[in-house]
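The values are calculated or read from the model by the stated rules, or taken from the named source; none is laboratory data. For clarity, every value in this text was computed on a predicted model and none was experimentally measured. Using ideal geometry, Cβ is built from the backbone for each residue, glycine included, and neighbour counts are taken over all protein chains shown. Note: areas computed on protein heavy atoms with side chains; ligands, DNA, RNA excluded. Shrake-Rupley method; radii C 1.70, N 1.55, O 1.52, S 1.80 Å.
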Amino acid sequence: MINVGIIGSGFIGPAHIEALRRLGFVQVVALCDGSLAQAQEKARLLNVPHAYGSVEALLAHPDLHVVHNCTPNHLHAEINRQILRAGKHVFSEKPLCMTPDEARELVSLAEQAGVIHGVSFVYRQFAMVRQAASMMRHGSVGRLFAAHGSYLQDWMLLETDYNWRVDAALGGASRAVADIGSHWCDTVQFVTGRRITEVMADLAIVWPTRKASVGGSQTFAHDEHARYEDQPVTTEDFGSVLFRFDDGSRGSFSVSQVSAGRKNRLTFELNGSEQSVAWDQELPQQLWIGHRTKANQTLTDDPGLMNPDVADSAHFPGGHIEGWPDAFKNMMAQFYHAVQAGEMPAHPLFATFHDGADVMYIIDAIVKSHQQQRWIRIER
């Protein structure tokens, strides 16, 4: 069995644990949180045998093979450094870190450590996203003309919506782009096999001041009896980005955390010389295929209908619902097969620290483009 430690037990930590337990050959043996008391309570609820109140204590746990970093953004870089220095395989939540310089440092440290390294970009793991990528590789879409789409949420719609992500010191200089635009960029680069090389961005703050709960509030939670204090906002709620790929094709995407009714709607459409493909995360089992001279198609994630090279990403017969937790399982399975093999794959399907760093470079360019109101080339 592969022994795993989890650092951080907020919204995403338990999702990691659930996915790992579905693999069957991985066991979560230790959990770390902000204090020992917090860790012990969460470990009890999640049935994890050992609890620690510091990263150092968790890393000293005997026979620990892999560590997952599920902490808030501002802690990612330093904790990833600690894990790498301890010689453990590491799986980090995104963003990989807070700055491009940190990203370059972490990639270098990971390579020097010789460990398996992954970043939690999950949307590339949906069966129909994998199918779209396979169709691109095999030429079904033809020459890429354009890519466009959006990632829309509504959890920051209200003036009283506030959590640590709004604080630039904790969440970073960018919020909507870094938090969800990062997923869009990784997904579309994965599907197309192209790299975004230049961006032109326009970002907006819809609530310059938000009302933060004095008692603190968790992500996706509302308290009718909370007392509030005004907090200035410096990170964007909405953004639109034009971009250019390395092959000369173009694209655009929008991100929003203030789109009422949109809970987690990542969509993309690719237009090629032969056909178009489009996918919507809130309808994850369907891939729309557009044609000029015949009826359009809707392909569902039936392994018998998918391209053979990606059929294993759908685990049940057609018509059996699969979604976000199953994509998360796909991601963990790929990462842990690499851990079992003891080396990074030549062409990993899971996002690595290289991919996490690449998205950091794109986000940095988007922020600079908005500030300078001009096209910015990605500095990789």
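For this structure, a couple of remarks:
- Residue ID - modelled with the lowest pLDDT, chosen from residues in segment 167-206 that are more than 17 Å from the chain's Cα centre (by Cα), assigned to a loop (DSSP other than H, G, I, E, B) and crowded, with 19+ Cβ neighbours inside 10 Å: Asp167
- Residue satisfying all of: in segment 286-311; open to solvent by less than 30 Å² (accessible area, probe 1.4 Å) and either touching a Gly at 6+ places or on another chain (Cβ under 9 Å) or aromatic (Phe, Trp, Tyr) (or both); nearest to Glu322 (Cα to Cα) among these: Asp301
- A count restricted to segment 213-233 and to residues that are within 26 Å of the chain's Cα centre (by Cα) and at pLDDT 80 or above stands at 1.
- Residue in segment 282-305 that is touching an Asp or Glu at 6+ places or on another chain (Cβ under 6 Å) and touching a residue at least 40 places away in the same chain (Cβ under 8 Å) present: yes
- Taken over segment 1-58, residues that are part of a helix (DSSP H, G or I) and either open to solvent by 70 Å² or more (accessible area, probe 1.4 Å) or of a type in the set (Gly, Ala, Ser) (or both) amount to 17.
- Filter result for Gly319 (open to solvent by 50 Å² or more (accessible area, probe 1.4 Å), of a type in the set (Gly, Ala, Ser) and either at pLDDT below 95 or under 28 Å from Ala15 (Cβ atoms) (or both)): yes
Results for (1) without any contact (Cβ under 8 Å) to a residue 60 or more places away in the chain; (2) assigned to a loop (DSSP other than H, G, I, E, B); (3) β-branched (Val, Ile, Thr); (4) closer than 18 Å to Leu109 by Cβ, shown as yes or no for each residue.
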{"residue": "Pro345", "(1), (2), (3), (4)": "yes, yes, no, no"}
{"residue": "His354", "(1), (2), (3), (4)": "no, no, no, yes"}
{"residue": "Ala357", "(1), (2), (3), (4)": "no, no, no, yes"}
{"residue": "Met360", "(1), (2), (3), (4)": "no, no, no, yes"}
{"residue": "Ala365", "(1), (2), (3), (4)": "no, no, no, no"}
{"residue": "Ser369", "(1), (2), (3), (4)": "no, no, no, no"}
